[in-house]
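S.K.: Starting off with a structure, shown below.
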Amino acid sequence: MDGLPHLPGDIVNSIFFKLPVKSLTRFKSCCKSWYGCIDDADFIKSHLHKSSIDISRKKIVLVNSILQHREGTRKFKIVSTEASINADSKVVYLNIPEYFSDYFSLQVFSCSGLIFMTSYDLGYCMTLFNPVVGKYKLIQNSLFSQNTKTNRCSTSPIFGFAYDFVAEDYKVICVHYLINKYFNVVEVYSVKNQCWRAIHNTFPVSPDSYNQYLCSNQVSLNGVIHRMSYNRAVISFHLVDEKFTVTVVPKTCGKQPTLHVLGDGVCVFTTVGEENLIWSLEKDRWNCINKFPTLLSLIGMPILYLPIRGIKYRPVGAFLFVKENGNILWRRHNGSFIEYDLRKNEYTEFKSIQVPPFVANKALYRESLVSLKISWD
């Protein structure tokens, strides 16, 4: 650092706030003062907050699964690309622990700069992952799952992942629904304390309800975990008071509602005829705030034929999210991306960006320096 002009600390901080995580991790080795600044807990929080505003620091993570017939399990690949898709965007394959190849399913959730991955087969494993710095942490099994005798009468556990802003702690929620008993066990894992505890609260479910069957996508905002159930209800868990709430999505909103992030709130994406609709919940009322053509009606899809089963079908892409500029981002069945401009009624296909065509799960995450001050594996 000799020979370089001295800059005041506030100017250095303002420069650091504008830099991506990978650059900051390199600059930590330049000098002690820079290391102390970048490793400071308040700086990490502020940098993460600014990342939530800047779309260039957001990433899309997509999970691809390939069935290994000989072993009877699946091989998972996780790819990542920029949320601000453009012609120069690149796809990066993330390295995940090898033990995930022994499981049948893999779910990925994201919140406040970290990714939570969970796999399930006869048992399950949970891992915290910071893809930018390439570190992960294996989470121990919950207290209930350790009791194998009791666990035999439960369904596959339901997971959630969120950040508790009051306790300043990342938390994992695990719900075990007990078959033929019509009640459940709810457990909360504290990353800060590295331990599980059961809470005396009931997951909203009844003998004739399908609330216990939730869609794979999760929305985590402001200390609340939201999941969509198959009976058109949004199940929300509030970390502050550790209570569940249920918000029903009316049938008039459209078919097959899925839950997504929209700004600082949640929205529901549905389809009615040849149109996609986005519904926002405002003052206990669902309002349609956007209408646009379906991907099928927008670009057309060829009819494909499966000779083995004799099935004809049209491959449809997956809706990803609404960008900050209001544009719609899709992923086509062939792995490319399509961005649709609502105002101009135009779309752009990015064929140079290819991801595995069969994607089982997705999440939107922010780059972060979060290390949790714990020992990573």
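S.K.: Out of the residues in segment 1-34 that are in a helix (DSSP H, G or I) and more than 30 Å from the chain's Cα centre (by Cα), which is modelled with the lowest pLDDT? If you could, list the steps in order and put the result at the bottom.
M.R.: Initial filter on segment 1-34 (in a helix (DSSP H, G or I)): 9-17, 21-27, 32-34.
So of that shortlist, the ones also more than 30 Å from the chain's Cα centre (by Cα) come out as 9-12, 32-34.
Working: GLY9: 72, ASP10: 78, ILE11: 83, VAL12: 82, LYS32: 84, SER33: 83, TRP34: 85.
Filtering segment 1-34 for residues that are in a helix (DSSP H, G or I) and more than 30 Å from the chain's Cα centre (by Cα), the one modelled with the lowest pLDDT comes out as GLY9.
S.K.: Yes or no: segment 248-255 includes at least one residue that is of a type in the set (Ser, Thr, Tyr) and more than 29 Å from ASP169 (Cα to Cα). Talk me through it step by step, then tell me what you get.
M.R.: So the first thing to find is which residues in segment 248-255 are of a type in the set (Ser, Thr, Tyr), and the list is 252.
From what is left, the residues that are more than 29 Å from ASP169 (Cα to Cα) are 252.
Within segment 248-255 (the criterion being of a type in the set (Ser, Thr, Tyr) and more than 29 Å from ASP169 (Cα to Cα)), the answer is yes, since at least one residue qualifies.
S.K.: Take the residues in segment 295-331 that are within 25 Å of the chain's Cα centre (by Cα) and part of a loop (DSSP other than H, G, I, E, B), then tell me which one is modelled with the lowest pLDDT.
M.R.: Only one residue fits best here, namely PRO315.
S.K.: I've got another one for you. Filter segment 258-284 down to residues that are farther than 24 Å from LYS58 by Cα, assigned to a strand (DSSP E or B) and out of contact with any Gly (no Cβ under 6 Å at 6 or more places or on another chain), then give me how many there are.
M.R.: Result for segment 258-284: 4.
The values are calculated or read from the model by the stated rules, or taken from the named source; none is laboratory data. What you see is a predicted model; the values in this text were computed from it and never measured. Don't worry about glycine lacking a Cβ; one is built from the backbone with ideal geometry, like all the others, and counts go over all protein chains shown.
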